[in-house]
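Encoded as structure tokens, the structure appears first; notes follow it.
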2 protein chains.
Amino acid sequence: MKKDLGPMPAVCPMPVLIVSAYDGDGRINLMNAAWGMICQTDKIALFIDEDHKTTQNILLSKAFTVGLADRKSIVPADYVGMASGNKVSDKYARTGFHAVRSEHVNAPIIDELPVTMECELAEVVKTDSMYAIVGRIVNVCAEEGIIGDDGKIDISKTDLLMFDQFRWSYNVLGDRAGKACSVGKALM
Amino acid sequence: MKKDLGPMPAVCPMPVLIVSAYDGDGRINLMNAAWGMICQTDKIALFIDEDHKTTQNILLSKAFTVGLADRKSIVPADYVGMASGNKVSDKYARTGFHAVRSEHVNAPIIDELPVTMECELAEVVKTDSMYAIVGRIVNVCAEEGIIGDDGKIDISKTDLLMFDQFRWSYNVLGDRAGKACSVGKALM
């Protein structure tokens, strides 16, 4: 039996994206965003409010990075989702994160995060249905230790987080259930 | 040490969304989409190609549903990501799924999926960076058995899938790692 729950943002899982950018003085700000997704093979759309400090920084610097949060960074990852860079001037310092400047775009890479997309601002899409910061993914960098022998990122070697918006919780990712474009061949 | 991997769609986890709609004759078609996300509290954006049979059906019927795939539906969920409704006329029948018409929108609900967003077509966003089908979420329905005593969906009572685009695999979701807007209070 199905039960009606009314309208709600019921996509699950959502990623735990840490979006970082420089302000006009080269200071780092960063935020936690769950509402972001690939919108073209080399592009990512972030549905984040225009008034965020990070959004304003991206509009100014024309670049940002998006890191994937893992279990060991859960405390600062959650913190940057609560504290506002418009109100807390030392938000980045409080995280304990260490950042280095990307060699590809004008934005900081958080060293503690295992996977980071380095993005140039491609477009700001503003319609009745969305405000989206769209970045062109110029490069992805990852911790060497989570790259498999085939050169691909192996998520079993890390503890990436997901966001559960039903209960506002973070979970880790679980076991592999099957290969895509493979298990379904039984019905082809 | 970080390693550069070049541009790639590195959001992880991605959801496993089963998008369903009627064609002009009331026949069901459905597809598997990973590139979809909430773009406003009551809206979902699907980054799916315009030439998909499901996309064409949505443009015609002005409605669709988005179900979350779980482990028990992994075979049909993967199948509908491989087979094209433009080529296979009995795609829905082959899945073994059972659909009922939504009471809220002109679209079918797949009974086997534990959570479904019922959507009216709100907007088609077409820019250099994206082609997005945006739906207004009119209602969410869920299996009674996965709703907790607090009336909220409890993902620990189901086996939702996620998509790992690095290795084209499905994983289940793992254990809870912490409460959002809570564990980060240590740094406030």
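Values in this text are rule-based calculations from the coordinates and carry no lab data. Since we're looking at a predicted model, the values are computed, not measured. Don't worry about glycine lacking a Cβ; one is built from the backbone with ideal geometry, like all the others, and counts go over all protein chains shown.
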Given a cut-off of 26 Å, name the pairs among A:Lys126/B:Lys91; A:Lys72/B:Lys179; A:Lys3/B:Lys62; A:Lys87/B:Lys126; A:Lys43/B:Lys157 whose C-alpha atoms lie farther apart than that in the structure shown. A:Lys126/B:Lys91; A:Lys87/B:Lys126; A:Lys43/B:Lys157
Check the straight Cα-Cα distances from A:Lys185 and name the aspartates and glutamates below 19 Å, setting aside those fewer than 8 residues away within the same chain. B:Asp70, B:Asp78, B:Asp90, B:Asp164
Neighbour cut-off at most 13 other Cβ (10 Å), DSSP loop, GluC sites (Glu not before Pro), segment B:90-188: B:Glu103
³J(HN,Hα) computed for each position of segment A:156-163 - Karplus, 6.51 cos²θ - 1.76 cosθ + 1.60, integer Hz, glycine/proline x: 6, 8, 9, 10, 4, 9, 10, 10
The answer for trypsin sites (Lys or Arg not before Pro) in segment B:41-146 that fall in a DSSP coil and have at most 10 neighbouring Cβ atoms within 10 Å is B:Lys87
Can you tell me the relative contact order of chain B? Whole percent, Cα pairs under 8 Å, sequence separation 6 or more. 23 percent
With a cut-off of at most 15 other beta carbons within 10 Å, and DSSP calling the residue loop, which chymotrypsin sites (Phe, Trp or Tyr not before Pro) in segment A:89-188 qualify? Please list them. A:Trp168
Using Cα positions and a limit of under 15 Å, work out the aspartates and glutamates in reach of A:Lys2, with same-chain residues fewer than 8 apart set aside. B:Glu103, B:Asp111, B:Glu112, B:Glu118, B:Glu143, B:Glu144, B:Asp154
I want to verify a result. In a Gaussian network model of chain A, Cα cutoff 10 Å, which of these has the top mean-square fluctuation: A:Leu68, A:Leu59, A:Leu161? A:Leu59
Report, in debye and to the nearest 20, how large the dipole of the protein assembly as shown comes out about its Cα centre when Lys and Arg carry +1 and Asp and Glu carry -1 on their Cβ. 180 debye
Using helices alone, I'd like the mean residue ellipticity at 222 nm for chain A: each DSSP H run of four-plus residues gives -39500 (n - 2.57), total over residue count, nearest 500. -3000 deg cm²/dmol
I need to check one value: relative contact order of segment B:62-161, counting alpha carbon pairs closer than 8 Å and at least 6 residues apart, in percent. 31 percent
In the neighborhood of B:Ile147, defined by Cβ-to-Cβ distances under 13 Å, what is the net charge if each Lys or Arg adds +1 and each Asp or Glu adds -1? -1
Can you tell me the Rg and Dmax of segment B:14-187, counting just the alpha carbons, in angstroms? 16.4, 57
Could you tell me the distance between the Cα centroids of segment A:135-188 and segment B:10-69, to the nearest Å? 21 Å
Length-normalised contact order for segment B:106-165 - Cα pairs under 8 Å, 6+ apart - percent: 26 percent
Would you work out the charge dipole size for chain B about its Cα centre, treating the Cβ of every Lys and Arg as +1 and the Cβ of every Asp and Glu as -1, and quote it to the nearest 20 debye? 480 debye
